Each structure stands twice: as C-alpha cells, then as structure tokens.
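Chemist: For reference, the structure I am asking about is given below.
The values are calculated or read from the model by the stated rules, or taken from the named source; none is laboratory data. Model, not experiment: these values are computed from the prediction. Cβ sites come from the backbone with ideal geometry, for glycine too, and all protein chains shown count toward neighbours. In case anyone asks, the SASA skips ligands and DNA or RNA and just uses the protein heavy atoms, side chains included. Shrake-Rupley method; radii C 1.70, N 1.55, O 1.52, S 1.80 Å.
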Amino acid sequence: MVISPALLGADVVVHSVSKYISGAGDIFAGAVCGSKAFINSLMDLHDGALMLLGPTMNAKAAFELSERIPHLPLRMKEHWARALEFAIRMKSLGLKVIYPGLDDHPDHELLKSIGNPQYGYVGMLCLDMETEERANGLMYQLQNATQFGFMAVSLGYYETLMSCSGCSTSSELTEEEKSLSHISPGLIRMSVGYNGTIEQKWAQFEKAYAKLEDGHLFLY
C-alpha cells in the first residue's frame, strides 16, 4: 500500500503476508505476485516450483487472511499516522529518530516520489539510544513499567513491537557489517501499533523515558 512495485516496473513481487496483512502476529504466510503466465508456470505439474516444493498456503490461513484484507487500508493509515506523530514528538525530546516521514531523513524525498501519498511513510521507526544498555533499558521500561509495547522482532501488529537489532535480528553480523549497515549498538527498531489513543501511548512513552533518564535502567 505504501509502495506499489508493480506500478514502478517490477515483474515479480514477493511479499511477507505474516506482517501487516495478517496484522495479528498469528499467521506465517507469503505471497508471490506476477503475471498470470508466470504464476501458472510456478504451478506447472512437471516443473513448477509450487508443485515440486510445496510452498502452498493452507485453506484456513488463506481464508483468515482474505477476511483481513478489506480493512488493511484503514490499519495502514493508522500505523503511519501514529509513527509520524511519535517520531516528531520523540525528536522534540532530543532523541535521535530515524524515520522516512521526517524531512531530515536522507530518503524522505525519494519515498515521496515513489510512494502512494494516502498511505504515508510506513509504521516503522528507529531510535538510536547509542548503547545496548540504554536501548534495552528503555525497552524494559516501555514494556514492564508503562505497557507502551512489547519486546518482539516482528512487525505489523496492533500493539507496538520493539527490538534492539544489534543483539537480536542482526546479532549474527560482525561489528564491521553492522557499521556498514548503520546498525549502532543502541538501535531500537519499533513497529508502531494503534492500540489505545495517541495521548495514552505517548504518556506511557514519556513516563518510561523519564525513568531511564533518572537512572532506572531496569526494574527489580
């Protein structure tokens, strides 16, 4: 919804359905999209990848996903609207925020030029807390002290999910590889959800951040 690769010239689009389309973190699925001829070739009885390897979605999962697609546009609009609002407010606190919806992001104009404006700038943002200790300390407060979100590595859920990339999804990279990928030790990847009101969730964030600044990295 944010970017339409087929309209930009892509012949084949591979998409993770487990994330935003699912929206509930309960289904593992993917989609391969292309021309009718290409999809039929994948299903060819003799040499089609779908026939030989079997990556075919079960009927129950397919039905449940089809029930969620009609309200996907509404969910995506709320994800990005909140992510942008939180990014602006977090930046006002002096935090280092990385979000393509902000004017100072290096790819802000690029996303504007190729994206679908009615669906904004995605629901993912990053906070650079500089050190792994501060990143984990903030996430701990956000989850356990104020219930702002959950520490998890997925995205697209109606609750906010967050993880420290350097010690989770990208932990297998060398320090040099992390540096080349701009993954700092304190980088928090945050998938902004839409549960509760913006003011409720922001109050939870401010309270957790205040605890961190007061020296309360963890609760015991």
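Chemist: For the chain, what is the percent of antiparallel DSSP beta bridges, rounded to the nearest 5?
Modeler: Counting only bridges with both partners in the chain, antiparallel ones make up about 85 percent.
Chemist: Step through the residues of the stretch 186-195 one at a time and calculate ³J(HN,Hα) from phi using the Karplus curve (6.51 cos²θ - 1.76 cosθ + 1.60, θ = phi - 60°), rounding each to whole Hz and writing x for Gly and Pro.
Modeler: Listing the rounded values in order: x, 6, 9, 8, 10, 9, 7, x, 10, 6 Hz.
Chemist: May I ask for the equivalent-ellipsoid semi-axes of the stretch 128-202, computed as the square root of five times each C-alpha gyration tensor eigenvalue and listed largest first in whole Å?
Modeler: 24, 13, 9
Chemist: Kirkwood Rh and Cα-based Rg: tell me the resulting Rg over Rh for the chain, rounded to two decimals.
Modeler: A ratio of 1.01.
Chemist: Then there's this: Scan around residue 29 for amide H atoms under 5 Å from its own, H built in the peptide plane at 1.01 Å from N, and keep only partners 5 or more places away or cross-chain.
Modeler: 17, 18
Chemist: Moving on to the next point. Note down the accessible area of residue 201, probe 1.4 Å, to the nearest 10 Å².
Modeler: Taking all protein chains as shown, residue 201 has close to 20 Å².
Chemist: Could you point to the residue in 71, 31, 49 farthest towards the positive end of the stretch 1-73's charge dipole, with +1 and -1 charges on the Cβ of Lys/Arg and Asp/Glu respectively?
Modeler: 71
Chemist: Among 216, 204, 171, whose Cα lies farthest out toward the positive end of the dipole of the chain, if unit charges sit on the beta carbon of Lys, Arg (+1) and Asp, Glu (-1)?
Modeler: 204
Chemist: Go ahead and collect, in residue order, the members of the stretch 71-89 whose backbone nitrogen is under 20 Å from a label point 7 Å along the Cα-Cβ direction of residue 206.
Modeler: Output list for this probe position: 82-89.
Chemist: How large is ³J(HN,Hα) for each residue in the stretch 166-174, as worked out from phi by the Karplus curve 6.51 cos²θ - 1.76 cosθ + 1.60 (θ = phi - 60°), to whole Hz, x for Gly and Pro?
Modeler: Rounded to whole hertz, the list is x, 10, 9, 5, 10, 5, 7, 6, 6.
Chemist: Sticking with this structure for a sec: The stretch 36-84: which chymotrypsin sites (Phe, Trp or Tyr not before Pro) are DSSP loop and have at most 13 other beta-carbon atoms within 10 angstrom?
Modeler: Qualifying residues, ordered by number: none.
Chemist: Residue by residue through the stretch 59-66, what is 3J(HN,Hα) from phi via Karplus (6.51 cos²θ - 1.76 cosθ + 1.60, θ = phi - 60°)? Round to whole Hz and write x for glycine and proline.
Modeler: 4, 5, 5, 4, 5, 4, 5, 5
Chemist: Per 10 Å bin, what is the whole-percent P(r) computed from every C-alpha pair distance within the stretch 28-83?
Modeler: Over the stretch 28-83, the share of Cα pairs per 10 Å bin runs 19, 34, 30, 14, 3 percent.
Chemist: If you don't mind, there's one more thing I want to ask. Would you tell me the accessible area of residue 170, worked out with a 1.4 angstrom probe on the heavy atoms of the protein chains, in Å² to the nearest 10?
Modeler: Per-residue accessible area (residue 170): approximately 20 Å².
Chemist: If DNA, RNA and ligands are ignored and the probe is 1.4 Å, what is the ranking of 216, 79, 105 by accessible area, most exposed first?
Modeler: Largest accessible area first, the residues go 216, 105, 79.
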